[in-house]
Each structure stands twice: as structure tokens, then as C-alpha cells.
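Asks: Have a look at this one before I ask anything.
The values are calculated or read from the model by the stated rules, or taken from the named source; none is laboratory data. Note that this is a predicted model, so its numbers are computed, not measured. Note: ideal-geometry Cβ built from the backbone for every residue, glycine included; neighbour counts use all protein chains shown. Note: accessible area is taken over every heavy atom of the protein model, side chains too, but ligands, DNA and RNA are not part of it. Shrake-Rupley method; radii C 1.70, N 1.55, O 1.52, S 1.80 Å.
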Amino acid sequence: MNRTFIIETKNTLYCFDADGNGVLRHLYHGKKAKKEDFEVIGERDYNSPSGGLDDIFEEYSVFGSTRYRNTAFKCEYADKCRDSVFKFKSSEQTENRLDVTLLDEAYNIELVLTYEYSLESDIITRYVTVKNKSDGDLILDKIASAEISLPGENAYDITNTIGSWGSEFQLTKEKLKNGTLTFQSVKGITGHTNSPFVAMSQNATEDFGDVYFASLGYGGNFKIEVQRDFRGRTRCIAGISDFDFRYVVKAGEEFTTPKIYFGYYNGFGAMSNDMSRFAVKNILPKSFAEKELPVLYNSWEATTFKVSTEGQKTLAKTAAELGCELFVMDDGWFGARNDDNAGLGDWQVNPEKFPNGIDELIGYVNELGMDFGLWFEPEMVNPDSDLFRAHPDWTYHYDTRVPCLSRNQLVLNLTRDDVKEFVFSSMDEMLKNHNIRYIKWDMNRPFSEIGASNLENQRELWVRHTMAVYEVADRLKAKYPYLQLEACASGGGRGDFGALNHFDMVWTSDNTDPLDRLDIQRGYSFAYPIKTMRAWVTDWNRDSRPVPLAFRFNVSMQGSLSIGSDLTKLTEEEKNEYKKYIALYKEIRHTVQFGDMYRLKNIANDDFYAANYVNENKTEAVVFICASANSLHNKLSKSVKVKGLDENYNYEIDFGKEKSVFSGSFLMNRGLDVNLNGALDSKIWKIKKV
Ligand code: DGJ
């Protein structure tokens with residue numbers, strides 16, 4: 001007797017069954033179809049295991065038997081057996097949740113596959129819990145959050161990102177005809193190389209085509225494997241990386257994987273917008289998820305490590321004048337931190353730089369009407385620091401190996417309770433004693449010499465470290481509900497839904513060149529909510545390749561606008577421009593941060609860039625247009641069709657100098673011409689329902 005399970009979301013169905021042998025077979029994920037028919041297909045020969053378990057689409061494959069491919073799960077039982085046989089045991093389904101329990105009877109170990117869903121979106125949240133009900137240790141060698149089976153036998157286009165420091169989130173798409181494509185991090189954090197999400201599509205554009213999307217809620221070592229076999233079957237397995245992974249689940253204990261969020265869409269635009277809306281409601285920390293993020297000023301590019309009360313005050317005064325709402329002092333305020341050689345770990349205010357303490361600056365910033373924020377890199381220590389001198393054993397290390405420094409620093413062993421407590425209290429002390437309402441939490445090196453002799457099973461360090469970071473972030477937020485947290489790792493190395501479940505936003509990249517940013521931001525917008533994308537206007541390349549201020553603002557206003565320029569160098573005329581754009585951003589902020597976003601044009605394909613944002617009830621929109629650096633092509637006229645408006649509404653468009661009224665249907669179907677006045681010209685069109 002088959003048991004069929006059907007999950008219904010806003011526009012899709014997801015279906016699998018347990019066959020007569022207790023094997024879970026994946027049956028369908030896609031547009032809605034008649035539910036009863038899935039009972040019939042389950043009884044027919046579809047997906048039948050005639051050729052062995054290697055041939056079928058399983059809901060969650062385990063190592064062993066006749067499976068000759070990568071599986072989602074692998075373990076070793078107490079008697080050294082590594083062959084798993086999990087069969088359907090029971091299930092429980094409510095309106096929003098399905099739990100299916102599988103049992104390996106010989107060992108009394110259970111796997112519970114959990115699915116959470118609703119009719120509000122097409123995202124299904126999945127995770128797996130292994131319950132060790134035996135009386136011996138269970139060694140996990142691999143436990144993915146999900147296996148995703150893709151319909152049909154045609155090859156899929158697989159999208160991820162590639163990048164490095166300063167070039168994060170570069171979208172990359174390739175057809176997987178044969179073999180396995182792996183996207184991963186083995187650095188201890190997500191890093192810049194790949195992203196923990198994947199889109200698997202056929203004939204897809206922004207507007208149409210089959211798109212299967214999955215994004216992991218985890219920012220440690222991750223692995224996404226997409227495999228296509230000789231029959232043309234494509235499967236994706238995603239979760240914590242099995243690289244140097246081993247986790248021991250003791251008798252009577254359990255282990256739950258990170259969540260994975262996945263869905264089926266018609267086009268990449270629908271995918272990004274549904275994922276973003278879902279994330280704001282369900283993933284981001286509750287305290288700020290539904291609130292507009294402030295325009296912040298960060299002093300890093302202006303001062304680097306050379307911070308002082310007077311210098312910061314001067315910047316703060318101008319930042320407030322321009323309209324900034326939050327002032328963040330970056331690296332350099334603590335210990336003997338005059339460059340990146342020393343001081344990390346000594347989280348006490350530097351008395352030479354702040355002779356009267358930090359409250360003088362904070363008080364001044366508050367009087368100017370701004371909140372105050374501070375930079376920390378809490379997981380790190382410089383060997384040249386009081387902390388390291390007092391606790392040389394607090395880092396990951398092997399006694400026989402010389403530790404490799406990266407940016408002159410070492411990673412603290414957060415799997416130790418005392419170290420984790422230190423990390424919490426270093427920030428807690430500052431928050432307790434000063435009016436600090438924002439922390440930029442940085443992380444600037446990958447792990448090495450990963451010895452953690454405090455752990456019985458040292459290979460658990462990867463997971464335990466990541467969980468410790470989330471735990472400390474949650475504790476801080478619980479104690480200081482007004483605290484906003486920004487996740488940073490040498491720029492965008494912590495841009496993922498693991499971090500975004502505990503941090504309110506992400507520092508996208510240290511590269512603030514506006515042209516480069518268009519690609520970086522486009523990649524970020526593919527998978528993550530726009531409001532979480534901090535985007536600074538800076539002086540970057542001001543001399544070597546000058547970019548007009550209007551263009552720089554245009555780009556940064558497409559995320560959570562922030563300012564990072566050296567404000568002491570601004571002319572009065574420039575200050576007025578800053579004021580004008582910051583005021584304009586405040587008018588459109590709600591639409592940008594919470595609206596649907598449409599990627600209209602990009603420089604690589606169209607020689608100019610355009611994107612538009614539309615608020616929830618389609619009464620307001622904004623269009624951003626940027627010419628490339630190519631003056632030849634930008635003399636030609638371009639056209640832009642706005643997306644996501646209501647065809648039946650009339651809209652007034654404010655072009656800056658003049659205004660006109662058009663119908664939604666005209667703007668979306670015919671569109672408007674745009675005359676770009678040469679290289680690096682830019683436009684912002686403000687649209688309002690009349
Ligand atoms: C790396 C970050 O990405 C920068 O924004 C800045 O905070 C520096 N670290 C400070 O050392």
C-alpha cells in the first residue's frame with residue numbers, strides 16, 4: 001500500500017509517496033495539478049525501483065544498498081556497519097507542516113523529514129532530524145538538509161555565484177549535461193567563492209521558464225551537489241559540507257540539520273521576489289524584519305584605523321547635516337589597534353584616541369539625532385594582543401604546527417564555553433555601559449590548523465563554531481532588543497540565510513566602485529532581500545575613474561543606502577547633492593526595501609542597467625537606470641518597460657525635471673524611451689498612482 005504525501009503552496013504542489021517497501025519516492029514538484037492523480041501515478045510504474053535504488057528519485061537517499069551515487073545521508077552505526085536501511089514508519093501532517101519518520105529497524109535510529117509550508121508563498125522549508133534511539137554512538141559522516149529531484153530528462157542550467165574579496169556574488173550559469181557540479185565552502189564560513197543557494201532552470205528568463213531554487217540557512221562549510229546521471233535524471237543534494245565532517249550523536253540524543261528553503265517558479269523574477277518576501281516574514285530576526293533600515297554613515301573608508309574623538313565628531317556633524325540616521329565607527333577604536341597587526345581581542349576603548357572615553361562621542365552623535373554603532377571582530381585575536389598573551393590556547397591550533405596567520409590574526413575557538421562567553425561579554429560590556437544600538441560584526445579570515453582539543457570529536461568544530469556565532473548573536477539581540485546587527489566577512493563573506501536568520505543585514509562587499517557594484521548587487525538581489533543589502537556611497541575611484549555622484553547614489557539607493565565617503569572633503573555643492581539624494585531615498589525607501597524588485601537590463605547584455613521596484617499594493621514604484629562607461633553606445637536611445645505595475649491604474653512619473661501621466665498598461669507593454677546622455681549618465685524615475 002502506498003502512502004502519498006501532498007504539500008500545497010500558493011501556486012505549486014510537491015508530492016512524494018512511501019512505496020510498498022517503505023521507500024520514499026519523489027513524485028512531483030511544480031504547478032498545481034489534480035491531487036487525486038498522484039495516488040494513481042504512485043500505483044503505476046512511474047519511478048519504479050525495477051533497476052534498483054540507484055535509478056529512482058528518492059525523497060532522501062541514504063548510503064548503502066544498490067545506490068552508486070552521492071547520497072544525502074551517510075553514517076556509521078556502533079557496530080561499524082555503514083549500510084543504512086531507512087523505511088517509512090509514520091507521518092503527521094497539519095495545514096502547515098509534514099513530518100515523515102523513517103526507521104532503521106536493526107539499530108532503532110530514526111530520520112524525521114520535516115516540511116513547513118503555507119499558501120502565502122511557494123517556499124517550502126525542509127530539514128532533517130536524526131534521533132538516536134539505540135544504546136550506542138551514531139557517527140554521522142554526512143547529513144544533508146534535503147535532496148531535490150528535478151523532473152524530466154533534459155539537462156538543467158545551474159546558477160550559483162563565484163567571486164572573491166571585492167567581487168562577491170557574480171552570477172554564473174552553466175548547463176549540467178553530465179556528472180556532478182559542486183558549489184561549496186570549506187573555509188569555516190560561507191566566504192566569497194560560491195553561495196549556499198542554487199537555481200536549476202530550463203529555458204528560463206526573468207519572466208518565464210521552469211526554475212527550481214534552493215537556499216540554505218547555514219553559513220559554515222556548506223555543499224551543494226547537482227548530479228545528472230546517464231538516464232538524464234538531475235538531483236541536487238544540499239546541506240552542511242561533508243568535508244572533514246563527523247558528528248557523533250550519542251545514545252538518546254538527536255541532531256537537526258540547518259533549514260533549506262526551496263521552491264518552484266515561473267522565471268527568476270518570481271523566484272527572487274517570493275524568496276525575499278518569505279525571508280522578511282520568516283527568516284530575518286523579528287525585531288527589525290518589518291522596519292525600514294536607517295541611512296547610516298560608516299567612517300571606515302574616511303579614517304581607516306585613525307579614529308579619534310575629534311575626527312569622528314567632525315564626520316558625525318556632517319553626516320547628521322546630510323540626513324544620516326545612524327553613525328557607525330568601524331575598526332580602530334580599541335586596544336592597540338593602529339593597523340591590522342595588533343589589538344584584536346582587546347575590546348576596551350583606546351584611551352589615547354578617546355581620552356575622555358567613548359561616551360563623549362556617543363553623546364555628541366545622539367545629540368545630533370543619530371544612533372551610534374560600533375565595529376567588532378569578535379571571533380578573532382591578533383597574536384600581538386593582551387588577550388592572546390593571557391590565553392594563547394584560546395585559538396584553534398595544533399601544538400605541532402605553526403599557525404598560519406591571515407591578516408595577522410587567528411580564529412578563536414568558539415567551541416569552548418569560556419571563549420564563547422568571552423566573545424559574548426566583550427560586546428555585552430560595551431552595550432551595557434554605552435548607548436550602542438548597532439554592531440557591525442566582522443570576520444576576516446578563513447580557518448586553518450583546526451585543532452580543538454577540547455572536543456571529544458574534533459571534527460564537530462566546523463558546525464559548533466557556526467552555531468556558537470548564531471547563539472551569541474541571538475543572546476545579544478535578546479538582551480538588547482533595539483540592537484541591529486550587520487554581518488560582514490571581508491565584505492560579503494557572510495551573505496547567506498544562515499547569517500540572515502540572526503543578523504539584520506549584510507555588508508555586501510568592500511568593493512564600493514559603483515560600476516562593479518551593479519553586478520555584485522544584481523547577484524545579491526537574485527537570492528536575498530534587498531533591504532538586507534548595505535550599499536555605501538563612497539569616494540572609491542573618485543580620482544582614477546571618476547563616477548558622477550548622481551550615478552553613485554543611483555546605485556547605492558538600490559539597496560539600504562549608506563554613506564562611507566570622507567565627508568571632510570565635500571564641497572558645499574556636493575553636500576547639497578548628498579542632502580537631496582538622502583531625502584529622496586527616504587521618500588522611496590519603503591518601496592525599495594520592501595517592494596518587489598525587477599531586474600530589467602544589465603550592462604553585459606544591454607550596455608546599460610535598469611531595475612525597478614514596486615510597493616506591495618502597486619501604488620508606488622521607482623525605476624533606476626544607469627548608463628555603462630561606454631560613451632558610444634550610451635548616445636543611442638534606449639527603452640525601458642516597467643514591470644509589476646497594475647495595468648488598470650494611471651501613474652504619474654516624476655522624471656526629476658518634468659512629470660507625465662501614463663497608464664500602467666502603457667508603461668508595462670509599450671514602455672518609455674530613455675535618452676542617456678553619454679557614459680555614466682543615470683536616471684531615477686519616481687512613479688505614483690494618480
Ligand atoms: C573588512 C570589512 O569588510 C571592512 O568594511 C572594514 O570593516 C574592515 N574589515 C575593517 O578592518
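Asks: Determine the sum of side-chain charges near residue 639: Lys and Arg each +1, Asp and Glu each -1, restricted to other residues whose C-beta is under 12 angstrom from that of residue 639. Spell out each step's value before the answer.
Replies: On the way: positive: 601, 638, 641, 670; negative: 606, 673.
Taking every other residue near residue 639 into account, the sum is +2.
Asks: When ranked by the protection proxy of mean other Cβ atoms within 10 Å per residue, highest first, what sequence do the peptides 250-256, 585-591 form?
Replies: Values: 250-256: 13.4, 585-591: 17.4.
Highest-to-lowest ranking by the protection proxy: 585-591, 250-256.
Asks: Ignoring any ligand, DNA or RNA, what whole percent of the accessible area of the stretch 142-271 comes from carbon and sulfur when the probe is 1.4 angstrom? Walk me through the numbers on the way to the answer.
Replies: Details: 2070 of 4310 Å².
Carbon-and-sulfur percentage of accessible area, whole number: 48.
Asks: Let me ask something additional. 7 Å from Cα along Cα→Cβ at both residue 129 and residue 453: what's the point-to-point distance in nm?
Replies: Each label point is offset 7 Å from its Cα along the Cβ direction, giving 3.7 nm.
Asks: What Kirkwood hydrodynamic radius do you get for the stretch 494-653 when you take the inverse of the mean 1/r over all pairs of distinct Cα atoms, in Å? Kindly include the intermediate steps, with their values, before the conclusion.
Replies: Working: mean 1/r = 0.0601 Å⁻¹.
Every distinct Cα pair counted, the radius reaches 16.6 Å.
Asks: Quick one: what Rg and Dmax do you get for the stretch 289-439 from the alpha carbons, in Å?
Replies: That works out to 16.7, 56 Å for Rg and Dmax.
Asks: Also: In whole Hz and in residue order, list the ³J(HN,Hα) couplings for the stretch 561-571 that follow from phi through the Karplus curve 6.51 cos²θ - 1.76 cosθ + 1.60, θ = phi - 60°; x for Gly and Pro.
Replies: The phi angles translate into 4, 9, 10, x, 6, 7, 6, 6, 9, 6, 7 Hz.
Asks: To check my understanding: the extent here is largest minus smallest coordinate of the Cα atoms along each principal axis. What are those three numbers for the stretch 213-285, in Å, largest first?
Replies: So the three principal-axis extents are 45, 43, 21 Å.
Asks: I need the phi-derived Karplus couplings for the stretch 549-555: 6.51 cos²θ - 1.76 cosθ + 1.60, θ = phi - 60°, integer Hz, Gly and Pro marked x.
Replies: 4, 4, 5, 4, 5, 3, 5
Asks: Something else about it: Given R₀ = 60 Å, what would the calculated FRET efficiency be for residue 587 paired with residue 81, taking r from the Cβ atoms and rounding to 0.05? Numbers along the way, then the final one.
Replies: Numbers: r = 65 Å, r/R0 = 1.08.
For R0 = 60 Å, the calculated efficiency reads 0.40.
Asks: Also: Long-range amide H contacts for residue 170: which residues qualify at under 5 Å (H placed 1.01 Å from N, peptide plane, sequence gap of 5 or more or a different chain)?
Replies: Here the answer is 162, since their amide H atoms fall under 5 Å of that of residue 170.
Asks: To continue, here is another question. Whole percent per 10 Å bin, from 0 to the bin with the longest distance: what is P(r) over all C-alpha pairs of the chain?
Replies: Binned Cα distances yield the sequence 3, 15, 24, 24, 19, 11, 4, 0.
Asks: Mind checking the dipole of the stretch 601-690: about its Cα centre, +1 per Lys or Arg Cβ, -1 per Asp or Glu Cβ, Debye to the nearest 20? Walk me through the numbers before you get to the answer.
Replies: Working: 13 positive and 11 negative charges, 16 e Å.
Around 80 debye, computed over the stretch 601-690.
Asks: For the ranges 655-666, 524-535, what's the packing order if you count other beta-carbon atoms within 10 Å of each residue, average per peptide, and put the highest first?
Replies: Numbers: 655-666: 12.9, 524-535: 25.6.
Top of the packing list down: 524-535, 655-666.
Asks: A further question on this structure: Return the percentage of antiparallel bridges among DSSP beta bridges fully within the chain, rounded to the nearest 5 %. Spell out each step's value before the answer.
Replies: On the way: 129 of 157 bridges.
Around 80 percent of the beta bridges assigned by DSSP in the chain are antiparallel ones.
Asks: Relative contact order of the chain: what whole-number percent is it, with Cα pairs under 8 angstrom and at least 6 residues apart?
Replies: Across the chain, relative contact order equals 10 percent.
Asks: While we're on this one: Taking H placed 1.01 Å from N in the peptide plane, check which residues at least 5 places from residue 222 or on another chain put their amide H under 5 Å from its amide H.
Replies: Here the answer is 185, 241, since their amide H atoms fall under 5 Å of that of residue 222.
Asks: Calculate one ³J(HN,Hα) per residue across the stretch 321-329 by plugging θ = phi - 60° into the Karplus curve 6.51 cos²θ - 1.76 cosθ + 1.60, and present them in order as whole Hz with x for glycine and proline.
Replies: My calculation for the stretch 321-329 gives 4, 6, x, 5, 10, 8, 10, 10, 8 Hz in order.
Asks: Roughly speaking, what is the stretch gain from residue 677 to residue 479, that is 0.36 nm per residue apart minus the C-alpha to C-alpha distance, in nm to one decimal?
Replies: Numbers: separation 198, 0.36 × 198 = 71.28 nm, distance 5.23 nm.
Computed gain between residue 677 and residue 479 is 66.0 nm.
Asks: For the chain, what does the accessible surface come to per residue with a 1.4 Å probe? Please give it in Å².
Replies: Working: 26210 Å² over 690 residues.
Ligands and nucleic acids excluded, the figure is 38 Å² per residue.
Asks: Need one number: nm distance between label points at residue 208 and residue 429, each 7 Å from Cα along Cα→Cβ, rounded to one decimal.
Replies: About 6.3 nm, to one decimal.
Asks: Which whole-angstrom value gives the distance between the alpha carbon centres of the stretch 569-635 and the stretch 105-175?
Replies: Between the Cα centres of the stretch 569-635 and the stretch 105-175 lies a distance of 36 Å.
Asks: Nearest 0.05, what FRET efficiency do residue 251 and residue 339 give at R0 = 41 Å with Cβ-Cβ as r?
Replies: On the way: r = 51 Å, r/R0 = 1.25.
So, using R0 = 41 Å, E works out to roughly 0.20.
Asks: In debye, nearest 20, what is the charge dipole magnitude of the chain about its Cα centre with +1 on Lys and Arg Cβ and -1 on Asp and Glu Cβ, if you could check?
Replies: Values: 83 positive and 102 negative charges, 311 e Å.
In debye, rounded to 20, the chain gives about 1500.
Asks: Between residue 55 and residue 568, how many nm apart are label points set 7 Å from Cα along the C-beta direction?
Replies: Once both label points are built, they end up 7.5 nm from each other.
Asks: A further question follows. For the stretch 192-216 and the stretch 12-39, what is the centre-to-centre distance using only Cα atoms, to the nearest Å?
Replies: Cα centres, the stretch 192-216 to the stretch 12-39: 23 Å.
Asks: Using r as the Cβ-Cβ distance of residue 635 and residue 178, and R0 as 35 Å, what FRET efficiency do you calculate, to the nearest 0.05?
Replies: Numbers: r = 46 Å, r/R0 = 1.30.
The formula returns an efficiency of 0.15 here.
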